[in-house]
Each structure stands twice: as C-alpha cells, then as structure tokens.
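The values are calculated or read from the model by the stated rules, or taken from the named source; none is laboratory data. Fair warning: this is a prediction, and the values are worked out from it, not measured in the lab. As a convention, Cβ positions derive from the backbone with ideal geometry for all residues, glycine included, and neighbour counts pool all protein chains shown.
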Amino acid sequence: MSNTLFSEIKIGPLTLPNRIIMGSMHTGLDHSDDPIGRLTAFYKERADGGAALIVTGGVSPNEAGLMGPGAMILNTAEQVSDYKVMTDAIHASGSKIIMQILHAGRYSKHEGLLAPSAIRSPINKLEPREITSDEIEETIADFANCASLAQQAGFDGIEILGSEGYFLNEFTAERTNKRNDQWGGSFANRSRFPVEIIRAIRQKTGDEFFIQYRMSVLELVEDGWNSDEAQQFAIALEAAGVNLLNSGIGWHEASIPTIAMAVPRAAFTWATAKIKQAVNIPVAAANRINTAEIAEDIIQRGDADMVYMARPFLADADFVNKAQQGRHDEINTCIACNQSCLDNLFNNKTVSCLVNPRACHETIYPKINKTEKAQKMAVIGAGAAGVSFAIEAAKNGHSVTLYEASNCIGGQLLYAHKVPGKEEFDELIRYFNTMLNKYAVNVQLNTKANAQQLQETGYQSIVLATGIKPRKLDIEGIDSEHVISYEEAFKNPEKVGQNVVIIGAGGIGFDMATFLMHPHTGAQSIESFNSNWGIDATGKNNGSLAKETVIEKTDRNVTLLQRKPGRFGKSLGKTTGWIHQIELQKRGVKTIGDLNYVKIDNAGVHVEQDGKDVLFPADSVIICAGQESNDEFADSLNEFANVYRIGGVKQAVELDAAQAIEDATRLAYELN
Ligand code: NAP
Ligand code: SF4
C-alpha cells in the first residue's frame, strides 16, 4: 500500500488506520473542578471525530517532575481507576490513547525543582537543585512505575517527553548538563538517563506496550546538539525499545519562534527527515502542520511516516473525519495565533481556541444543541462576532439573516490577514463562508440594516454586532491630509510615505509597523524564515544555529509612539509578543514612549518629552490608538424587545477576535 495520510500503519504493537497523531496539549483542565471528566469529554469528542491515536497532556511520574502545584501525576495504584474512566471512554469510540510522561525538570514552577546541573533556565525565576545520582536511579524507577500504572489504567502506550528543554533534554544537552559522573560529559553519558528510562519501562511493561519518544530533533539554543548527535540519539532510542520517534522542535527558552503564525507551515520537517534517515522505526513530524494537504505532502515526500498535530484538534474536533471525507473547506483550521490556547495557559486560564471556543469546554457547551424554540433572528454586522453568532444560531435551528453594509464578511479580520505572518486569518474567513453557506444563513451583503424593515420582517431577536470604529484623537492637526487611520493604511498602502510615525503601539500599531517594514506580501518561504531567524538548515552547527541572520526589509523609516512609559508590546500575546518585538527591532523600527502629543504639522509629529519639545519627522502619520464601539445603529432599535450586543459594540476595550467569537458563541447557547 502506498504511504498516504489515510493509509494504515503498523507501529510496534499498534495498527492505526491513518497517519495522524493527535498531539499532547496542556489544557489547564487539570486545575478544573472535574479534571478527569472534562479531559475525558475533550478527548472523546476528538476520538469520535476520527483521531485514531490520542496523546494526553503531560503527566508527571513523581512530585519533583510536576509542572507546578496541582498538575497531573500518576505514581500510585489508587489513581489508576480515575485514568481508566478516560481510557474506557476513548476505547469505546474505537480510538487508542497513550499517556505522555513529562518530567518538567528546571521548567517546574514549584520549589522542589531538579536539573542535571544547578543552572537556572532563563524562562524560570526558580533555581533548580542538582539531582543526585541516587535520585537519578529513583527517577528511572519512577518513570517505569508510572508507565506500568498507565498500562494498568488501560493506556495503549506512553509518550516520553524528551524535548523542548524539559528534564530529559536537559540531560542530553551540554548546555544544561555539566556533570562529570556517568550521567554527564560524553555524548554516551548524556544520553544514558533517557536510554535507561526506556530500558526500564520496556522491562516493566513488556513488548506489547507502545513506547513513543518525543526527542529534540532541532534544539535552536546555544550548546544544543547538532543533527549528527540527534541521529545517534535516535539510533540509541531505537535500540532501547522505542516504537516511534516524534519530533520536538526548539527549546521553550529558544529565541526563535517554532509554532507561532509567523512560522511557515511545515517549516521543520527537514530536521525530522534527518532522523528518519537514521532509524528503521517510524518517525512523526510536528509543528505548524495545520491542514490535511500539508500533512499529505510530508508523508508523500517521505520526510516522516506520521504527522503529529495538536492545536488543529483544539480548532476542530472532527479534523480527521472531515479530511478523510474530502470536506476540507469545512475544517476549522488552527491559525497558530496562540491567543486562546497557550496564552490562556500562561495566564493561568483554561485553554480554549480562538476559532472554536467550545474546545476544552465540551461539558459546558454540548456539541448537539438543537433548539426547540426556533426563532427568526437578524444579525447586524458580519465581523468575527456577527458571523460566529449567525453560524452557531443557524446550526442550532434558528432562521438567521446576516446584514453587512460592505461587500464582504470579515470586519477587522480583513486587516489582520494583510499583515505579513498573519495570512492564516484567510483560513478563518474561508471557514466562515463555508459554514454560512452550509447552515443556510441568509447573508445580505451591501445592505445597511434598517429598523423599519427589521420591524416589518418580524424578527424575534436582533443581535447587534456592528463592531468598532477607530478612536478619533483630539490633537492639533489630526485632520491633515497626511494623517490617516490604520484602516485606510491597510486598504491603500500606496498612500503611506517614506517617513512614517505611528501613533499607538498596541496590537494594531505593531501590526502596522510589520506591514510597512516587510518587503513581501503572502506567506514567508521556509528558506527566508530560516535566514531571518538564523536557523542552520544543514543541522551541522551546534543547536542548528546559523552564524548570522539576514533580514529583509523595506527602506522606510518607521517610528512607533506611545504615551505611557515602560516596555513596548505589553498588551501583545504572552507567547507571541516577543516575536513581534524582535521582528520590529530587526527591521529597525524605532519605539519611543513616555511622551505627550502636542501637534501634527507638515514637518511631522511634535511631542513633549521630559519637558522638551521634540519633533518626529513624518510624511505620513498613522493613527493606531485603539477603538470605540460603533453603536450608531443602536438607537434606532429602541422599539425592539430582544436586542443583544456582542463583540466590539458591546465592549471595545481590549476586544480581540477571540473575545468576539467567544461572546457570540455564549449568546448563541444562551438563546437556545
Ligand atoms: P490597543 O491595544 O488598546 O492599543 C491602543 C494604543 O493606542 C496604545 O498604544 C495606547 O497607548 C494608544 N492610545 C490609546 N488611547 C490613546 C489616545 N487617546 N491618544 C493617543 N494614543 C492612545 O488597541 P489596538 O492596537 O487598536 O488593538 C485592539 C485590540 O486588538 C486589542 O485588544 C489588541 O490586543 C488586539 N490585537 C491583538 C493583536 C495581537 O498581536 N495579538 C494584534 C492586533 C490587535 P498609550 O495610551 O500609551 O499612548
Ligand atoms: Fe490554533 Fe489559535 Fe486555536 Fe490555539 S487559539 S488552537 S493557535 S487557532
């Protein structure tokens, strides 16, 4: 049989019907009131959606390895029955489930954190203690015990997390392992700990238990290994009894993006291909694989035997079934924004998904939600909030008309997708269009809603989703011809001159600076991404870091201003803000804060800073100073009994697409 995405594969004791692994994700549900119940509902919906092999979020083998207080752990026989609830439910849906064993090492957020050597991670305030050799032996036994308990709980196997800078990876890298006993020094010594763990697990669980290892195929940090060492390590893991090798890309502390939207799709499969060349067991590719087409390409060109996709399963629980049935347009594609998944996690909130707020909330928002009181509804405004509501309400059985004054749907998303590195927003607009059509929403484009007409049509509910309008500033000279809004600049970039001052450094100010300084439109090529970020795609250098970076940029001068003092980019996403900051820095954008605007004239923007008058010369000034609710239409609806507001017209401050879509989904459930 040819190797295609939907061809069967035998891996050690498992036979799977397709080549897609639903990857491990931290969901934050371990801190919920019902961790096992909510996790089971989350996994079960994905199993029902066709995911043949599911990997759980990380479970620690002992107290020291916990990510933080309250994280998942499996180290006693008493816990087995809890996990059995999960495995039984997934098996009943016909899928396999394996448990990821994660020892967080020096990334742990608790006082008892351990590392091979007492070297603090740059992304953790806590200092680790060097693990003793006795504790190393105990930890090996803890891993074997955890795997054996997982086997008793009905898991079909385990994945060992040995990448991204976690504990096992800290042993294998010279960067973090400075030991001079048998667990450090030479390559063989540094590899010893993970290899001994695999041997111990294999011995305890037998040959029929599936073992997957997520190894660091690409480190992207100084004193990380190169591809030769990665290959040798893969060979050692195979010999120790691993059934499948999965690809870990970059340490969490690397200053190169590895999963964000700015990373081209399938950017790192070249590194996986090097591992595949070295071993005989199957190898899985990971990171920025978000469509079935990309996955199919990877398998067909032989870079990997399988693909490991995690966030796409937050975005769409039915990804596999839809892909297999050729319903590609119906897939709600993960756009790699991190906004509701990883950003939530790092803000101590339950993970969800910008494009699918039901993710990890399956017990709160049930999948089937047909109404028994079908209504005739009008939705005013076809931005993210209005469209999401219309789709959800129509799916539930309401008769929905969506009014949009412009000639297309999308609202603010139409600007986001123009920003280099944010092209994935196109996928959301494609999905919206497909779903509006599928659920027969009556979409009225180029149509300004009119209160009298709404009245005459007899709508029972009106949902106001008219969004936002850019904030109008009160600065002398604001009405000059060379002062334009961000909307105008995105629509007509030819109006923007050579020397640009941007007023306002929130998400849109950053986006605008990126838009103006990037020489290309459309998705970046992998080659250009590698040279921009200093990745050595030969894999020969330590950490696969190139000796230099090559930045492509336009020859504009762009200055980004904000009134407040302090760091720029504080309002950007927790896990992506640093990428935008580095991008702008590299392209020479000046960021200046702690000032007051005085006036704008033909010379540029005059500000008062430190008691002095300062001029920032500009032939174009772009206003990105936030937004206000666009509620011009609201007053005309006073006569209506059931008017609901969602998205920007309800609350403009700190509104983003995630908030707008969540708002819409919640209302659609409430109105059932
Ligand atoms: P924003 O994040 O609220 O930023 C507004 C900027 O304008 C701030 O820099 C603010 O800084 C300045 N400002 C506010 N009032 C002003 C005034 N009266 N005069 C002069 N300057 C003023 O708004 P946004 O950039 O329009 O973004 C809107 C929403 O979209 C936000 O929630 C944002 O998070 C989201 N978004 C996110 C991303 C992302 O990357 N995740 C990208 C785009 C948009 P000072 O007050 O210090 O001057
Ligand atoms: Fe993907 Fe964004 Fe959803 Fe996370 S929030 S799963 S990155 S679409």
* **Filtered residue count, the stretch 445-488, keeping only those that are part of a helix (DSSP H, G or I) and either surrounded by fewer than 20 Cβ atoms within 10 Å (Cβ to Cβ) or of a type in the set (A, V, I, L, M, F, W, C) (or both)** => 9
* Kindly list the number of the only condition in (1) crowded, with 24+ Cβ neighbours inside 10 Å; (2) in a helix (DSSP H, G or I) that fails for V195. => (1)
* Asked: Mind checking which pairs have a first residue in the stretch 81-97 that is within 11 Å of I54 (Cα to Cα) and at pLDDT 95 or above and a second that is among the basic types (K, R) and surrounded by 14 or more Cβ atoms within 10 Å (Cβ to Cβ), Cβ under 7 Å, 6 or more apart or different chains?
  -> I90/K44
* Asked: In the stretch 542-591, which residues are touching a strand residue (DSSP E or B) at 6+ places or on another chain (Cβ under 9 Å), crowded, with 17+ Cβ neighbours inside 10 Å and aliphatic (A, V, I, L, M)?
  -> L545, V558, L560, L561, L584, V589
* **Count of the stretch 403-428 residues which are touching a Leu at 6+ places or on another chain (Cβ under 7 Å) and crowded, with 19+ Cβ neighbours inside 10 Å** => 4
* To do: Go through the stretch 563-601 and give me each residue that's in a loop (DSSP other than H, G, I, E, B), of a type in the set (A, V, I, L, M) and over 23 Å from the mean Cα position of the chain (by Cα).
  => V589, L595
* N356: within 16 Å of ligand 2 (Cβ to nearest atom), free of Cβ contacts under 8 Å to residues at least 60 places away in the same chain and surrounded by 16 or more Cβ atoms within 10 Å (Cβ to Cβ), yes or no? -> yes
* Asked: Which condition number does D223 fail, the rest of (1) over 20 Å from P282 (Cβ atoms); (2) part of a helix (DSSP H, G or I); (3) of a type in the set (D, E) being met?
  -> (2)
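To keep it simple, each residue is scored yes or no on (1) surrounded by 14 or more Cβ atoms within 10 Å (Cβ to Cβ); (2) touching a Phe, Trp or Tyr at 6+ places or on another chain (Cβ under 8 Å); (3) farther than 27 Å from H398 by Cα.
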site	(1), (2), (3)
G593	yes, yes, yes
G604	yes, yes, yes
N630	yes, no, no
N642	no, no, no
V653	no, no, yes
* **Complete set of residues in the stretch 58-80 that are free of Cβ contacts under 8 Å to residues at least 24 places away in the same chain and surrounded by 22 or more Cβ atoms within 10 Å (Cβ to Cβ)** => none
* Structure fact -> Over the stretch 241-280, the set of residues part of a loop (DSSP other than H, G, I, E, B), in contact with a helix residue (DSSP H, G or I) (Cβ under 8 Å, 6 or more places away or on another chain) and among the β-branched types (V, I, T) is V242, I256, I259, V263, V279
